[in-house]
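A.B. asks: First, the structure itself, so that you have it in front of you.
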Amino acid sequence: MIRRRWLSTVAVGSAALAAVVLAAWLTSQGGSAARRRAHTSRTASTITHAPADSFLSEPEIRDRNIVFYEQRAARDTLGASDRSQLAMLYMDRARSTGAFADYQRAERLARRSLALRTDHNTQTFSLLAAALLARHDFSEALKVAKQADSLDPGVPGHIALLGEIELETGDYASATTHFSSIHLDPDQFTIAARVARWRELTGHADAARRLLHAAVAKIGKRDDLPREQRAWFHYRLGELELRTGHLDSAEVSYQRGLAIFPEDYRILGGLARLAAARGQWQKAVDYGNHAIAIQLDPATLGTISEAHRALGDTAQANAYARAMTASALKQPGPIHRAWGLFLLDHGTTGDVKRVLAKTRIEMRSRRDIYGYDLLAWGLHKQGRDSEARAAMAHALSQNTEDAQLYYHAGMIERELGNAVAARAYLDRALMINPHFSLTQASVARAALDSLGKAGHV
């Protein structure tokens with residue numbers, strides 16, 4: 001059975017994009033670390049009358065600030081700034097906990113703030129766009145980004161936001177136009193993260209890696225941003241390193257991020273996938289369970305399921321697979337893609353039909369390369385390989401350095417009897433990332449052998 005391609009190759013989702021947008025908002029606020037700490041301390045003491053030497057964690061300070069700004073907003077029904085600040089706090093908490101109710105609160109507050117005032121309030125457009133992206137409303141997020149750019153044209157952050165949303169929707173020509181127009185300042189690390197995503201998706205992983213390394217170096221000098229934001233940049237670099245087969249570098253990045261924010265369930269999930277890529281199944285289970293104890297994530301539940309299956313515990317594997325489905329169906333958007341790929345590899349004929357139906361719904365507004373990849377793999381599972389080849393051509397159109405894409409293309413061509421193309425694609429998959437999936441790498445090598453050519457080690 002074809003397994004685990006999604007364990008080491010998970011596209012940067014809209015929650016991660018929302019995190020970049022939020023980081024950009026925080027950076028735009030400026031101010032020294034001392035001023036920010038003084039502000040939060042005064043806020044906390046205003047609410048709790050805590051002794052001066054009492055210690056509050058960042059989440060505790062954030063929660064008390066939420067209460068403080070909720071009270072201010074209730075007293076001042078025309079206060080746009082307070083609502084923008086409160087939206088930012090809810091966004092920050094949502095990113096830390098994965099609670100979509102907080103994204104919804106942030107969206108309502110940002111809309112109210114902009115309804116009260118758009119002058120000198122353009123940063124709230126970014127907050128609103130981030131909240132919309134978190135629930136996969138890409139069309140509305142793009143409208144908001146365009147409105148922000150029209151009110152304050154030429155701002156690099158606005159241009160990068162437009163480009164990033166266009167990447168998510170598959171409008172690569174427009175995204176390239178926007179990103180190419182940005183003169184990147186070395187200190188603009190949040191914009192650099194967006195540019196890195198563009199470079200990664202358009203076949204320039206090395207350039208993306210350089211940009212992210214520079215961003216990580218810059219973020220390391222900033223102590224005025226929440227730990228979650230600083231840890232996210234290490235997570236983002238770790239994901240790129242894992243996707244391109246640099247497992248040791250991925251581990252370094254993940255561990256550095258975890259040292260900053262030990263409760264980051266995304267990093268713990270990344271470490272679970274890294275352990276799975278190395279065949280360290282019990283370690284994958286341990287990291288995964290630590291992650292889902294903080295926040296349920298469908299992809300991590302799938303990783304744990306695969307690890308238990310590799311360890312021979314079918315009952316646990318099936319239990320986690322059921323939990324993955326339950327969690328995925330609660331996520332925003334028509335389909336959770338990691339869950340869709342899992343079902344295509346492990347599910348029934350009915351599951352394949354279900355995934356294809358949901359994928360086609362999503363592609364009405366989001367026609368990016370990973371949507372086409374999911375469509376192609378579903379068609380392949382139904383034996384419709386000529387149609388799958390056409391979808392796969394779209395998935396490969398940006399020359400993205402992702403072993404998953406080339407593996408799928410190779411297996412589709414193999415079914416169509418095109419040995420030359422199948423060998424070329426499978427070779428390419430193993431060159432990009434020999435570790436993209438222990439099982440699939442073995443399948444790829446076996447397929448190459450059957451086609452008359454030994455695979456790469």
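The values are calculated or read from the model by the stated rules, or taken from the named source; none is laboratory data. This structure is a prediction, so every number in the text was calculated from the model and none was measured. Every residue, glycine among them, receives a Cβ derived from its backbone with ideal geometry; neighbour counts consider all protein chains shown. Areas reflect the complete protein model, heavy atoms only, side chains present, ligands, DNA and RNA absent. Shrake-Rupley method; radii C 1.70, N 1.55, O 1.52, S 1.80 Å.
A.B. asks: Can you name every residue in the stretch 94-108 that is over 15 Å from residue 135 (Cβ atoms) and surrounded by fewer than 22 Cβ atoms within 10 Å (Cβ to Cβ)? Before you say what the answer is, go through the steps one by one.
C.D. replies: Restricting attention to the stretch 94-108, the residues satisfying the condition of being over 15 Å from residue 135 (Cβ atoms) are 96-97.
Selection gives 97 alone.
A.B. asks: Now a separate question. Pairs only if they're at least six apart or on different chains, beta carbon under 6 angstrom, first in the stretch 170-199 and crowded, with 18+ Cβ neighbours inside 10 Å, second assigned to a helix (DSSP H, G or I) and acidic (Asp, Glu); list them, first residue then second.
C.D. replies: 175/166; 194/164
A.B. asks: Continuing with this model, one more query. Scan the stretch 129-168 for residues that are more than 16 Å from residue 195 (Cα to Cα), assigned to a helix (DSSP H, G or I) and touching a residue at least 24 places away in the same chain (Cβ under 8 Å) and jot them down.
C.D. replies: Listed by number, the residues that qualify are 129, 130, 131, 132, 133, 134, 138, 139, 141, 142, 148, 151.
A.B. asks: Any residue in the stretch 408-416 that is modelled with pLDDT of 95 or more, open to solvent by 30 Å² or more (accessible area, probe 1.4 Å) and not in a helix (DSSP H, G or I)?
C.D. replies: Looking through the stretch 408-416, at least one residue is modelled with pLDDT of 95 or more, open to solvent by 30 Å² or more (accessible area, probe 1.4 Å) and not in a helix (DSSP H, G or I).
A.B. asks: Can you tell me which residues in the stretch 327-357 are hydrophobic (A, V, I, L, M, F, W, C), surrounded by fewer than 17 Cβ atoms within 10 Å (Cβ to Cβ) and either in a helix (DSSP H, G or I) or in contact with a strand residue (DSSP E or B) (Cβ under 8 Å, 6 or more places away or on another chain) (or both)?
C.D. replies: 357
A.B. asks: Moving on. Report, by residue number, each residue of the stretch 182-215 that is acidic (Asp, Glu) and out of contact with any helix residue (DSSP H, G or I) (no Cβ under 9 Å at 6 or more places or on another chain). Outline the logic, then answer.
C.D. replies: Within the stretch 182-215, the first condition is being acidic (Asp, Glu), and the residues that meet it are 185, 187, 200, 206.
None - no residue of the stretch 182-215 is acidic (Asp, Glu) and out of contact with any helix residue (DSSP H, G or I) (no Cβ under 9 Å at 6 or more places or on another chain), so the list stays empty.
A.B. asks: I need the full set of residues from the stretch 112-122 which are buried (at least 18 other Cβ atoms within 10 Å of the Cβ), at pLDDT 90 or above and assigned to a helix (DSSP H, G or I), in order please.
C.D. replies: Passing the criteria: 112, 113, 114.
A.B. asks: Look through 243, 266 and report the one residue that is touching a residue at least 12 places away in the same chain (Cβ under 8 Å), open to solvent by 10 Å² or more (accessible area, probe 1.4 Å) and either basic (Lys, Arg) or under 23 Å from residue 435 (Cβ atoms) (or both).
C.D. replies: The conditions single out 266.
A.B. asks: Let me ask something else. Kindly establish whether residue 400 is modelled with pLDDT of 95 or more, open to solvent by less than 40 Å² (accessible area, probe 1.4 Å) and in a loop (DSSP other than H, G, I, E, B). Quick ask: steps written out before the conclusion?
C.D. replies: Values: modelled with pLDDT of 95 or more: yes; open to solvent by less than 40 Å² (accessible area, probe 1.4 Å): yes; in a loop (DSSP other than H, G, I, E, B): yes.
Answer is yes for this residue.
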